[in-house]
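One structure below.
Values quoted throughout were computed directly from the atomic coordinates according to the rules given, and no laboratory measurement underlies them. In this text the structure is predicted, and so the values were computed from the model without any measurement. Positions of Cβ are generated from backbone atoms using ideal geometry, with glycine treated the same way; all protein chains shown enter the neighbour counts.
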Amino acid sequence: MNNSVTNTARLLWAGLRALLVLTLVTGVIYPLAVTGVAQGLFNDKANGSEIKADGRVVGSSLIGQAYNLPVKGDETPEPDLKWFQGRPQNGLGTNSVNTQYSLILSGATNRSGDNKDLIDWVTAAKKAVIKDNSVPGYTVRASDVPADAVTSSGSGLDPAISPEYADIQVHRVAEKNGLPVAEVRKLVDENTDGRTLGFIGEPTVNVLELNIALKGLVAKS
């Protein structure tokens, strides 16, 4: 009887010690080590790839933002055309909770290429892109509109657009802000990221970073 109690107590004490050691290693030491390495070597990424402007955080380089005019009553907010616009946000679907990424909700369209809703979205988006970006002296043709201008990304939160989509917005942005077209196009070139390692993926333009640069250019003008 005494041996049984002693053995049980010894096993319980061994289990408790293992629990304490594993808790210390996996619950304290390991998280602190990973956090220390991340903060030391990858500080920007570890903190959400924040983008700052005017001394404050205005967003993340990983999450897209909407550039809309303020909502008036129950009206649907319209794009603020003085800014470069990102990809459509149909990936988020229709909701009343997150219309401008105040919260991070993500989702794809999950519709086939011949789905009527998707076809209607793309058709309406293409007409809007042509209408919004055609200004005196510059007309956008249907063949000029790239796919990312009329479709949302898989997450609905893509922060970047193609250089082609940015390029067809240049004349409109220049006119709305009273800037020379050449200067706005230079901004696009300066904010275009090439392929990773020179051959992976496609060139992209981060819309938030581009609009921050645009704000600075307007302030200087």
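Can you give the net charge of the other residues whose Cβ lies under 13 Å from the Cβ of Asp120, counting K and R as +1 and D and E as -1?
Every neighbour counted, the sum reads +2.
I'd like the orientation of helix 181-190 relative to the chain: the angle between its Cα long axis and the longest Cα principal axis, in ° from 0 to 90, rounded to 10.
Tilt of helix 181-190: around 20 degrees.
Return the calculated 222 nm mean residue ellipticity for the chain, to the nearest 500 deg cm²/dmol, obtained by summing -39500 (n - 2.57) across DSSP H runs with n ≥ 4 and dividing by the residue count. Each step should come with its number before you reach the end.
On the way: 7 runs with 96 residues, N = 221.
That comes out to -14000 deg cm²/dmol.
Given Val150, Ile168, Leu62, which one lies farthest toward the positive end of the charge dipole of the chain, if we put +1 on the Cβ of every Lys and Arg and -1 on the Cβ of every Asp and Glu?
It is Leu62.
Given Lys52/Lys126; Lys52/Lys176; Lys45/Lys131, which pairs have Cα atoms separated by over 30 Å?
Lys52/Lys126; Lys45/Lys131
Nearest 0.05, what FRET efficiency do Lys52 and Val5 give at R0 = 45 Å with Cβ-Cβ as r?
On the way: r = 64 Å, r/R0 = 1.42.
E(calc), rounded to 0.05, equals 0.10.
Quote the relative contact order of the chain in percent (integer), defining contacts as alpha-carbon pairs under 8 Å separated by 6+ residues.
Over the chain, the number comes to 18 percent.
Mind giving me the FRET efficiency for Ala66 and Ser112? R0 is 30 Å, r the Cβ-Cβ distance, nearest 0.05 is fine.
0.70
Mind checking which of Lys127, Lys52, Lys116 has the largest fluctuation in a GNM of the chain, springs on alpha carbons under 10 Å?
For the chain, modelled as a Gaussian network with Cα springs under 10 Å, the answer is Lys116.
Using alpha carbons only, how many angstrom separate the centre of region 125-142 from the centre of region 21-55?
46 Å
Can you give the net charge of the other residues whose Cβ lies under 11 Å from the Cβ of Val218, counting K and R as +1 and D and E as -1?
Around Val218, the charge tally is +3.
Just to verify a number: FRET efficiency for Asp80 and Asp44, C-beta to C-beta distance, R0 = 25 Å, to 0.05?
On the way: r = 28 Å, r/R0 = 1.13.
Here the calculated transfer efficiency is 0.35.
Compute, for the chain, the length of the dipole vector about the Cα centre, with Cβ point charges of +1 (Lys, Arg) and -1 (Asp, Glu) only. Units Debye, rounded to 20.
560 debye
When the chain is fully extended, how far beyond the present Cα-Cα distance does Val181 get from Lys220, taking 0.36 nm per residue of separation?
So the extension gain works out to 12.5 nm.
Report the extension gain between Asp144 and Leu32 in nm, rounded to one decimal, defined as 0.36 nm multiplied by the number of residues separating them, less their alpha carbon distance. Walk me through the intermediate numbers first.
Numbers: separation 112, 0.36 × 112 = 40.32 nm, distance 5.10 nm.
Length difference between fully extended and current span is 35.2 nm.
Considering the alpha-carbon set of region 106-182 alone, what are its Rg and its Dmax in angstrom?
14.0, 42
Arrange the peptides 118-126, 78-86, 25-33 so that the one whose residues have, on average, the most other Cβ atoms within 10 Å appears first.
Order by mean packing, descending: 78-86, 118-126, 25-33.
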